[in-house]
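The values are calculated or read from the model by the stated rules, or taken from the named source; none is laboratory data. Worth saying up front: this structure is predicted, and the values here are computed from it rather than measured. Here the Cβ positions follow ideal geometry from the backbone for every residue, glycine too, while neighbour counts run over all protein chains shown. Side chains are part of the model used for accessible areas, which takes the heavy atoms of the whole protein and leaves out ligands, DNA and RNA. Shrake-Rupley method; radii C 1.70, N 1.55, O 1.52, S 1.80 Å.
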Amino acid sequence: MSATPSYSRLDVDQRGVAWLTLERPEIHNAFDDSLIAELNAHLERLHEAASKGEVRVVVLGSAGKSFSAGADLGWMKRMVEYDVEGNLADSRKLSALMHGLDTLPCPTLCRMQGAAFGGAVGLAACCDLVVASEKVKFCLSEVKIGLSPAVISPYVQRAIGPRQMRRYALTAEVIDAPTALALGLAHRIAPHDELDEAVEAMLEILLAGSPQAQRATKALLADVAREPDSDATREHTCRVISELRVSEEGQEGLASFFEKRRPAWTQPSASEEPVSKEQNPRAAEPRS
């Protein structure tokens, strides 16, 4: 599965890792309606592929120095001319992007090499894991230009909590790497020239898990977050683990554990078999 659109790229390597990359480095990967449409199309294909087990992990990244500057200035100028209905249509497409990324069935990992402003903070918050360079900066910058981080607010607030969301959404302060780690916006901070190694290390961990169990767990956690403590939720948790225990992957996982061998869904570790350019389409490219 591969695509060559104007502003983004999708590659899937032989391990089933999908690399979804923003490619507008000349304008710091700012997004507009065209890029949002491309990403929504990519996510539609990834939802189907991940549901079938053809894609095991999605890595969201970008080219150049910045992760993403948020909304493109040209797009913002055009939106000034829109009426409320026109702005609603645009906002719904951005909302679909955030929802599509957030609800991908498989694990998602955001590779962040630099600044993320405005809506780009939402992209990171929608991913399950964020591995970032020490140079990373986040900023919910919308109030400085008379706007609000409205569409991304459910995802960013979930990541950092309501109290911290009030602070950073109202002040538009820049969040540095250590603060992002403390807030929960990032899960791991790496030296800038070791970012790709840190991403690969996390991928190796994710690929060791059962694809079926990861899909089931991700869906389960979304359900639990919506309704943490109810009879229906407790019954649902019992059903999920019961069905996994009798499934083919569940039986294989338990058998491999007791037999002290690698389960069938895993490949040799990176220490045993180096990752080639064919496995990781980004590995041979210059670091940002």
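Overview of values
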| quantity | calculated |
| --- | --- |
| Residues of region 118-127 satisfying the condition of being touching a residue at least 40 places away in the same chain (Cβ under 8 Å) and touching an Asp or Glu at 6+ places or on another chain (Cβ under 9 Å) | GLY118, GLY119, ALA125, CYS127 |
| Criterion (touching a Phe, Trp or Tyr at 6+ places or on another chain (Cβ under 9 Å), within 30 Å of ILE205 (Cα to Cα) and surrounded by fewer than 24 Cβ atoms within 10 Å (Cβ to Cβ)) met by exactly one of CYS126, CYS139 | CYS139 |
| Residue within region 244-266 that is touching a Gly at 6+ places or on another chain (Cβ under 8 Å) and either loosely packed, with under 14 Cβ neighbours inside 10 Å or free of Cβ contacts under 8 Å to residues at least 40 places away in the same chain (or both) present | yes |
| Residues that are part of a helix (DSSP H, G or I), charged (D, E, K, R) and more than 18 Å from THR217 (Cβ to Cβ), drawn from region 92-137 | ARG92, LYS93 |
| Residue check for ILE175: under 21 Å from GLY122 (Cα atoms) and in contact with a Leu (Cβ under 6 Å, 6 or more places away or on another chain) | no |
| Identity of the residue in region 152-194, surrounded by 20 or more Cβ atoms within 10 Å (Cβ to Cβ) and not in a helix (DSSP H, G or I), that ends up farthest from the chain's Cα centre (by Cα) | ILE175 |
| HIS42 open to solvent by 20 Å² or more (accessible area, probe 1.4 Å) and assigned to a helix (DSSP H, G or I) | no |
| THR171 closer than 17 Å to VAL57 by Cα and β-branched (Val, Ile, Thr) | no |
| Which listed residue, of ALA30, ALA18, is crowded, with 16+ Cβ neighbours inside 10 Å, under 23 Å from GLU142 (Cβ atoms) and not acidic (Asp, Glu) | ALA30 |
| Verdict on GLY64 being under 20 Å from LEU207 (Cα atoms), open to solvent by 20 Å² or more (accessible area, probe 1.4 Å), in contact (Cβ under 8 Å) with a residue 24 or more places away in the chain and in a loop (DSSP other than H, G, I, E, B) | no |
